[in-house]
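Provided herewith is a single structure, encoded as structure tokens, for subsequent inquiry.
The values are calculated or read from the model by the stated rules, or taken from the named source; none is laboratory data. For clarity, every value in this text was computed on a predicted model and none was experimentally measured. Ideal geometry is used to build each Cβ from the backbone, glycine not excepted, and the neighbour counts take in all protein chains shown.
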Amino acid sequence: MELEPTAQQREFRERICALLCSDEVRAEVAAVRGARGGEAGLLDVYRRLGERGWLAVNWPEEYGGLGGTIQDKAILTEELIAHGVPDIVHTLSIDIVGLALMMYGTDAQKSRLLPRIARGEGAASILFSEPAVGSDLAALETRAEPDGDGWRIHGRKVYSMKSHLADFALCAARTSESEVKYHGITLFVVPLKTPGVLVDPLWNLGDERFGDVTLTGIRVTEDDVVGEVDGGWEVINSVLGLERTGVEFEAKACRWFDVLLRHAADTGLLDHPVHGPRLVELDSWVRAARLLAWRSVTELGDHASDDVHNAMAKLVTSEVAQEVAQAQLDLSGLDGALTRHDDRAPSDGTGEAAYRDSVGLTLASGTSEVMRSLIASTGLGLLA
């Protein structure tokens, strides 16, 4: 497996970096990061990327991309995070919802929905999780009841990020009962700015809030079905499996660790008898996490994606990122708990924000427990 970037990939990274280092983008990122009580939505930088075909670079040109590779997409993700650009809208709209539509959507759905989010002019979210479901998505209670040639959806979804900003969402609902709990789930494209959809805030530790979404009989038709009726589990499993490369997690770990090293160098902690060796060990883990993520990316680009390798990458990258966030607080002492709004905060409050952000990394895209179970069962045959 060749992990060395090609000349084209190096050039693409340099071009993205040049745009993200521009005064206009830096000012926008600083304004968003410094805002009190707000959160990032559709940023101008997304539109700038979209105008160049970079926001969804691996999509075909007819849908707003450049027909690039999965490696190009990973490079974009790394650079967005490295430059502090809020990435949630991009991850949800392009990497999850867009991927599902690209793989399972009809031509009409692709033409109608993909170009707008590829240009950075619209956003999408996902409506999967529910209050009493936890990690067992197959236990969802949201129902899609038959209504003529369509369905009416009733239910409540939680932990849905950006639904208050998004144009539409990918919603999982049960359309039939089955002895096999994974059968009978269907995915629908649901417009969010329409009567029958109520989006309330669900506050949390992070800078970007969750949504508490109630669906009260909103009507959808067969044109809104993504994949097969009753076959939504296949779509969900395929998309989440492919998105467990861990690139966004290792990118955060790299950014946070760079900030931590600068702080350690400025305060003399590199030579500390306890903190110095810990930083050396963390450095090796951050490098290993990035290699695991890029192994998954490379395999995906070669059409040889491995669910076990993806689970390993997701597990390690998310837990390493948490370790780096914890180390930032440990090395900064009480001042490390100061937010970016306090002038005394070390590294402009990056450590405090990273710590809050890191809490959910081992939950998103599959919990660490689920990843360990997948590795043990499918990879090692231990649970057979």
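Quick check on my filter: what residues within segment 74-116 are farther than 28 Å from P5 by Cα and not small (G, A, S)?
Within segment 74-116, L101, Y104, T106, D107, Q109, K110, R112, L113, L114, P115, R116 qualify.
From R112, R47, which residue is farther than 20 Å from V235 by Cα, of a type in the set (K, R) and surrounded by fewer than 18 Cβ atoms within 10 Å (Cβ to Cβ)?
Exactly one residue qualifies, and that residue is R47.
Residue check, S368 against (1) hydroxyl-bearing (S, T, Y); (2) closer than 17 Å to T245 by Cα; (3) without any contact (Cβ under 8 Å) to a residue 40 or more places away in the chain, all met but one. Which one?
In the conditions (1) hydroxyl-bearing (S, T, Y); (2) closer than 17 Å to T245 by Cα; (3) without any contact (Cβ under 8 Å) to a residue 40 or more places away in the chain, S368 misses (3) alone.
Matching residues to (1) closer than 30 Å to R295 by Cα; (2) touching a residue at least 60 places away in the same chain (Cβ under 8 Å):
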site: T175; (1), (2): no, no
site: V190; (1), (2): no, yes
site: W203; (1), (2): no, no
site: V239; (1), (2): yes, yes
site: A251; (1), (2): yes, yes
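Mind listing just one residue for me: the one in segment 131-150 that is assigned to a strand (DSSP E or B) and in contact (Cβ under 8 Å) with a residue 40 or more places away in the chain and, of those, surrounded by the most Cβ atoms within 10 Å (Cβ to Cβ)?
Here the answer is A144.
If you take just the strands (runs of 3 or more DSSP E) that sit entirely in segment 151-264, which of them hold at least 3 residues that are outside the structural domain of I117 (by TED's automatic domain parsing) and either of a type in the set (S, T, N, Q) or out of contact with any Gly (no Cβ under 8 Å at 6 or more places or on another chain) (or both)?
Answer list for segment 151-264: 168-174, 185-191, 210-221.
Pull up segment 342-374, narrow it to residues that are over 26 Å from the mean Cα position of the chain (by Cα) and not small (G, A, S), then point me to the one that is surrounded by the most Cβ atoms within 10 Å (Cβ to Cβ).
Looking at the filtered set, the residue picked out is P346.
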